[in-house]
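Engineer: The structure follows.
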Amino acid sequence: MIVSHGRGGQALDGITHPPFDTLVDAIDVQGYVLLLSNDGGKETWGSPDALAYVGRVYRAAQPHFKGDGRVYSLGISMGGLPATLTAYRQTLGVRVRATAIVAGRVNLRDAERTSARRAASIRRAFGGASQVGYDPVNQFASFRGRLTPLLAVVSAQDTAVASAANGIRLAILARAAGADVQVLQVQGPHLSRGYMNADVGSKIAQFFNTHR
């Protein structure tokens with residue numbers, strides 16, 4: 001399972017940041033091999049460079065563990081972009097069996113529209129490259145892998161990443177297309193312990209277990 005971090009984060013958050021660690025530990029104990037990705041930087045927004053980085057670390061990891069070929073992706077906050085895009089764009093050369101987002105940012109247009117600072121960060125991440133094919137919500141119909149099963153963990157109290165424009169919106173689109181979709185409603189602000197806990201991690205693992 002490839003895990004993509006939130007904005008300003010890094011791969012090590014999965015073992016050094018207690019709430020994040022608690023979430024991924026609950027998945028780890030279910031037998032999943034966790035690949036904690038740096039995604040090419042702290043603010044890469046699912047850019048071409050970010051997806052290329054995920055592909056490189058995935059390939060580099062292959063000789064170091066004995067897997068069964070099944071791949072899953074999990075995105076935390078901004079990491080929702082590389083997590084879903086890896087699945088929807090089918091960038092790894094293998095099918096992503098299911099993807100999950102926790103407080104996931106999956107609406108690139110909304111991120112730009114709602115904050116000048118985020119818009120500037122996105123422009124830096126893309127560095128002049130086209131954003132066509134990199135917006136899971138607004139370009140959903142264009143993706144070959146749009147039927148990838150999706151679990152969206154959302155909170156109505158999250159004002160940093162509004163679920164209506166992000167996780168819930170993507171879930172509606174995916175369900176209408178025919179994907180297996182679950183929406184897990186939690187309580188609390190962005191990336192609070194309402195999101196980042198062992199129960200949520202266990203439910204992600206359970207969802208992935210149904211898509212072998």
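The values are calculated or read from the model by the stated rules, or taken from the named source; none is laboratory data. No experiment lies behind these values; they were computed from the predicted model shown. Methodologically, a virtual Cβ is constructed for each residue, glycine included, from the backbone with ideal geometry; neighbour enumeration extends over all protein chains shown. What goes into the accessible areas is simple: the full protein's heavy atoms, side chains included, and nothing from ligands, DNA or RNA. Shrake-Rupley method; radii C 1.70, N 1.55, O 1.52, S 1.80 Å.
Engineer: Could you please report the charge total around residue 85, scoring K, R as +1 and D, E as -1 over all other residues with beta-carbon less than 14 angstrom from its beta-carbon?
Structural biologist: Taking every Cβ under 14 Å from that of residue 85, the sum is +1.
Engineer: How large, in percent, is the carbon and sulfur part of the accessible surface of the chain at a probe radius of 1.4 Å?
Structural biologist: Summing carbon and sulfur atoms, their accessible area is 51 percent of the total for the chain.
Engineer: Measure out, as a whole number of angstrom, how far apart the alpha-carbon centroids of the stretch 79-146 and the stretch 152-201 sit.
Structural biologist: Cα centroid of the stretch 79-146 versus Cα centroid of the stretch 152-201: 16 Å apart.
Engineer: Could you do me a favour and compute the accessible area per residue for the chain, 1.4 Å probe, result in Å²?
Structural biologist: Counting only protein heavy atoms, the per-residue value for the chain is 44 Å².
Engineer: Using only the alpha carbons of the stretch 87-128, what is the convex hull's orientation-averaged projected area in square nanometres? Numbers along the way, then the final one.
Structural biologist: On the way: hull surface 16.3 nm².
Averaged projected area of the stretch 87-128's Cα convex hull equals 4.1 nm².
Engineer: Which semi-axes, in whole Å and largest first, does the equivalent ellipsoid of the chain have when worked out from the alpha carbon gyration tensor as the square roots of 5 times its eigenvalues?
Structural biologist: Sorted largest first and rounded, they come to 22, 19, 18 Å.
Engineer: For the stretch 1-73, restrict the atom set to alpha-carbon positions and state the Rg and Dmax in Å.
Structural biologist: Taking only Cα atoms of the stretch 1-73, I get Rg and Dmax of 12.3, 32 Å.
Engineer: Would you calculate a helix-derived [θ] at 222 nm for the chain, using -39,500 (n - 2.57) for each DSSP H run of n ≥ 4 and dividing by the full residue count, to the nearest 500?
Structural biologist: Counting only the DSSP helices, I get -11000 deg cm²/dmol.
Engineer: For the stretch 101-212, what is Rg from Cα atoms divided by 2.2 N^0.38 Å, rounded to two decimals?
Structural biologist: Numbers: Rg = 14.6 Å, N = 112, 2.2 N^0.38 = 13.2 Å.
Ratio of Cα Rg to 2.2 N^0.38 Å: 1.11.
Engineer: Once the cut-off is 18 Å, how many percent of the Cα-Cα pairs in the stretch 149-209 end up in the long-distance tail?
Structural biologist: Of the Cα pairs, 35 percent sit more than 18 Å apart.
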